[in-house]
Amino acid sequence: MKDAGTSTTWHRLVVLAALLWSGCSGPHAAALEPSSPLPTVRPRHFPVDELDIRIDGRLEEPVWATLPVHDEYRIIEPDTLAAPEYRTELRFAYTDRGLYVGVMAHQDPETLVSRISQRDQRISRDDISITIDPTGSGLYGYWFTVGLGGTLLDGTVVPERNFTNQWDGPWFGAAAENEEGWSVEMFLPWSMMAMPESGAERTISFYTSRRVAHLNKRYAMPALPRTQPQFMSVLRPLALGDVQPKRQRTFYPFSAATYDAREGDFESKLGSDIYLRPTSNLQISATLNPDFGTVAQDDPVVNLSAFEVFFRERRPFFLEGQEVFVSSPRAAGNYEGGPPVLLINTRRIGAPPSLPNDDRIQSFSEVDRQRLSDLVGAAKVTGQAGNLRYGVLTALERDTEVTGFDAAGQGIDFQVKGKRFGAARVIREVSDGAAYRAFGGMFTAVGKPGDDGYVGALDAHLLTDDGVWKLDGQAMWSQANDKRGTGLIGDLVYTPRQGRIHRLGFEALDENLDLNDFGFLRRNEQVLIDYRYEETRSDLEGLFQRRTSLRTRQGWALDGKYISSGFFLDRNWTFDDLNEARIQLGYRPQRWDDRNSRGNGAFRIDDRGVLELGYNTNNALPLALGVDLGMRHEDLQGLSYDGRLGLTWRPNDRFTADLGLRYADRGEWLVYRSGRDFTTYDAIEWRPEFTVDYFFSARQQLRAAMQWVGVKASEQQFYTIRFDGDLVQRPTPLDSEDFAVSNMVFQLRYRWEIAPLSDLFVVYTRGGSLDQTQDRDFRALLADNFEDPDTDQLVVLLRYRLGS
């Protein structure tokens with residue numbers, strides 16, 4: 001380990017750098033205040049049979065020319081709030097079925113950036129976006145985006161600015177180029193939105209923005225940059241007549257056929273998702289005999305730590321209506337303070353079963369370890385009654401057959417009982433002007449072999465009228481494995497002026513808190529304080545924008561030991577040519593590791609430093625390049641070096657090739673072996689990946705993608721944990737502890753969006769993971785993955801939407 005003098009030197013260098021960094025920031029320009037509130041928009045109402053608009057993006061119907069124009073846009077990226085270079089004309093009309101949106105975006109046609117991508121994929125291109133809050137009170141909303149080229153993006157948003165793309169709606173949108181620039185048309189059915197009961201007049205609210213890719217700017221109305229705190233609470237009002245969405249009855253029958261080349265099996269399945277909306281503020285949904293996880297693959301990982309890797313939900317049924325179950329910013333999908341804290345992680349539903357603990361069994365096949373559990377079905381109810389929103393979710397897995405192998409290699413069959421999941425959520429929200437207050441509760445239960453698991457929580461939320469202070473807190477308790485646990489998390493955001501944000505996070509979790517039967521919690525048994533200061537400046541000569549972040553994190557185990565601490569400084573420069581540069585300095589003081597020994601004792605980790613550099617060229621150009629370089633100390637005394645090279649080529653709006661290569665050289669990498677024993681390794685890691693997309697149209701895509709992670713590690717030193725917490729050398733083992741890991745996934749996928757939310761998929765997937773000794777080179781490891789995959793299957797899936 002490094003001596004105390006080295007630790008003190010690192011500490012002094014980082015503190016000095018922080019002082020210099022903050023001192024060089026200088027005073028911010030005068031505070032930029034949002035423009036005065038814009039007046040209420042009152043669009044024209046038309047009978048359904050009198051408004052015949054074809055959604056092709058062209059604004060050719062005569063009715064568009066008769067509608068009022070709204071063009072009060074301002075530049076919000078960068079956050080100058082200046083008048084934009086190009087005019088944007090927004091028009092509305094509505095019927096009892098839905099809202100029509102028409103936008104004319106004036107611009108030199110030669111500067112347009114048109115690119116097609118798969119749905120919900122954000123890339124650099126021109127686009128038009130609108131956010132609708134159907135409550136008109138800042139309680140929740142839906143956002144819709146049309147990119148130039150025709151790609152659709154959508155999702156949900158909850159206070160104050162927690163956006164997610166984990167929702168798809170049955171709406172229509174199209175874009176078209178013209179002599180004056182380009183234009184967009186959208187039709188947003190009322191029936192797809194949860195809308196509260198209303199009287200003779202309904203007031204909703206909206207926000208709209210436009211991205212100009214060749215300038216790397218975004219215009220918005222109202223002007224609400226991310227560098228100021230308010231969003232949902234100050235959207236622009238949109239007054240409607242007595243709109244009462246009709247009852248929705250929607251069915252998604254599907255047929256899936258799977259051929260498993262590894263097992264030589266063919267399987268077919270029929271099922272359906274059912275959505276009923278008997279009133280405007282109540283939705284009932286169910287899925288029968290579902291087929292999940294056959295057309296999307298997670299990124300391959302090599303995880304040798306004691307901590308679980310979090311994967312996000314991809315399945316449409318569980319994404320629909322999920323916003324009511326978001327109980328804190330840490331569950332919203334974009335929390336920057338660390339790993340998420342979730343009471344409901346729907347990826348637990350249908351996950352591989354817990355394998356039996358039987359003394360006769362020496363091993364299970366990798367196929368059984370990764371096989372997903374089938375579901376009998378799932379059901380969900382979400383709704384609203386006045387200021388009260390609620391949700392109920394339940395799901396039931398089928399029993400799973402697995403085979404274990406004894407010491408002689410003989411197979412023993414087991415039947416693992418499927419889990420039963422249940423969750424209930426209620427939240428009362430009050431919006432008074434721009435202020436927001438809410439109080440909610442959540443309860444989850446999981447029935448499983450052995451012992452059932454229960455979790456309960458209460459959450460509270462507050463946003464002041466001026467938006468300067470925002471507070472979110474959640475108290476939790478759990479009952480699992482005959483142990484009761486408790487925990488508290490809180491997040492305070494202080495925004496004294498535009499462009500300056502202070503964030504303070506807090507956690508106090510006892511050793512028995514267990515959310516992972518249904519939720520996600522990276523670790524318990526800790527007290528943690530996390531502070532971050534963020535500054536964004538758009539007033540510096542020669543720069544498009546500069547962003548600065550200073551962060552400190554201090555965490556203790558309940559016995560008082562430091563387990564997580566660090567100081568980090570980030571600065572990002574965006575130049576006038578839209579190229580970007582980034583630097584990060586970090587220092588992690590000496591701490592204790594009480595997890596990676598898997599319960600066999602805590603041990604000391606040396607203080608460590610981090611340096612990262614990055615540079616990206618303008619991603620609006622047909623060819624974009626990104627380079628990252630990093631250097632950091634390992635846990636004991638070695639140094640690691642890593643680099644990333646990324647290349648994106650878009651010669652036209654239909655073709656995209658993304659190539660990436662990561663390389664890491666790890667010296668003295670500390671890896672757990674068994675009991676109290678560890679080994680350090682010199683390791684090389686390669687991580688190539690590519691994705692090639694070709695779009696026949698915005699609704700038809702052919703994609704080929706491959707990701708591979710290869711690691712080769714050579715043993716160096718051998719350690720064991722002494723009872724005082726020091727790692728001391730142990731005798732050299734008789735057998736070599738060198739190892740190699742290879743993890744690969746390849747997918748060839750065709751998708752045809754026949755109609756909104758109606759798709760045909762043809763997907764071939766091949767890949768898996770291998771653990772071997774180190775006598776194979778990287779080329780051989782990759783070849784082994786292809787020749788002996790865990791997954792080798794072809795899936796044809798047809799899902800079609802029927803109903804209103």
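The values are calculated or read from the model by the stated rules, or taken from the named source; none is laboratory data. Values in this document were obtained by computation on a predicted structure and should not be read as measured data. A quick note on method: Cβ atoms are made from the backbone with ideal geometry, for glycine too, and the neighbour counts reach across all protein chains shown. Heads up: the accessible areas ignore ligands, DNA and RNA and are worked out on the full protein's heavy atoms, side chains in. Shrake-Rupley method; radii C 1.70, N 1.55, O 1.52, S 1.80 Å.
Observations
- With all protein chains modelled, accessible area of LYS712 [1.4 Å, Å²]: 40
- Put a plus charge on the Cβ of each Lys and Arg, a minus charge on the Cβ of each Asp and Glu, and nothing anywhere else: the dipole of segment 448-495 about its Cα centre is then about 220 debye.
- Rg ratio (alpha-carbon, reference 2.2 N^0.38 Å) - segment 355-418: 1.77
- Solvent-accessible area per residue for the chain (1.4 angstrom probe, square angstrom): 43
- Electrostatic bookkeeping for ALA379 treats Lys and Arg as +1 and Asp and Glu as -1; over the other residues with beta carbon under 15 Å from its beta carbon, the sum is +2.
- Here the spin labels are modelled as points 7 Å beyond Cα on the Cα-Cβ line, and at ALA783 and LEU702 they lie 2.9 nm apart.
- Packing here is the average count of other Cβ atoms within 10 Å per residue, and on that basis the peptides 659-666, 684-691, highest first, run 684-691, 659-666.
- Cβ-Cβ FRET estimate between ASP466 and ARG87, R0 fixed at 35 Å, reported to 0.05: 0.65
- For segment 610-732, the orientation-averaged shadow of the C-alpha convex hull comes to 10.4 nm² (one quarter of the hull surface).
- Euclidean distance between Cα centres, segment 220-267 to segment 486-544, Å: 27
- Charge-dipole axis of the chain as Lys and Arg at +1 and Asp and Glu at -1 on Cβ define it, positive-most pick from LEU372, GLN747, TRP686: LEU372
- Segment 68-85-segment 163-206 distance, computed between alpha-carbon centres (Å): 21
- Take each peptide in 317-328, 747-758, 117-128, count the other Cβ atoms within 10 Å of every residue, and average; sorted highest first, the result is 317-328, 117-128, 747-758.
- Lys, Arg +1 and Asp, Glu -1 on Cβ, resulting dipole of segment 130-194 about Cα centre, debye, nearest 20: 300
- Magnitude of the charge dipole for segment 221-378, about its Cα centre and with charges confined to Cβ atoms of Lys, Arg (+1) and Asp, Glu (-1), is about 840 debye.
- Whole-Hz Karplus values for segment 54-60 come out as 8, 7, 10, x, 9, 6, 8 Hz, taken residue by residue from phi with 6.51 cos²θ - 1.76 cosθ + 1.60 and θ = phi - 60°; glycine and proline positions read x.
- Note on segment 154-230: the alpha carbon radius of gyration divided by the globular reference 2.2 N^0.38 Å gives 1.35.
- Relative contact order (%) - criterion: Cα under 8 Å, at least six apart; region: the chain: 10
- Between GLN729, SER124, THR464, the Cα set farthest toward the positive side of the dipole of the chain (charges on each charged residue's Cβ, about the Cα centre) is that of THR464.
- Its DSSP H runs of at least 4 residues, each contributing -39,500 (n - 2.57), put the calculated 222 nm mean residue ellipticity of the chain at -1500 deg cm²/dmol, to the nearest 500.
- Sites listed here are trypsin sites (Lys or Arg not before Pro) in segment 218-283 whose DSSP assignment is loop and whose Cβ has at most 16 other Cβ atoms within 10 Å: ARG226, LYS246, ARG247, ARG262.
- Selection among SER714, LEU670, LEU625 by position relative to the dipole of segment 624-714 gives LEU625 as farthest towards the positive end (Cβ unit charges, Cα centre).
- Relative compactness, segment 613-664, computed as alpha-carbon Rg over 2.2 N^0.38 Å: 1.51
- In the chain, inverting the average of 1/r over every pair of distinct C-alpha atoms gives 28.8 Å as the Kirkwood radius.
- Based on C-alpha pairs under 8 angstrom that are at least 6 apart in sequence, segment 316-445 has a relative contact order of 21 percent.
- Based on Cα atoms of segment 630-691, Rg over Rh with Rh as the Kirkwood radius reads 1.24.
- Protection proxy ranking of 399-412, 722-735 - average other beta-carbon atoms within 10 Å, highest first: 399-412, 722-735
- Solvent-accessible area, 1.4 Å probe, carbon plus sulfur percent, for segment 218-291: 54
- If you wrap the Cα atoms of segment 205-324 in a convex hull and average its projected area over all directions, you get 14.5 nm².
- Debye equation applied to the C-alpha atoms of segment 138-195, log10 I(q)/I(0) at 0.20, 0.25 Å⁻¹: -0.79, -1.02
- Three principal axis extents of segment 707-794 based on alpha-carbon atoms, in descending order, are 65, 32, 15 Å.
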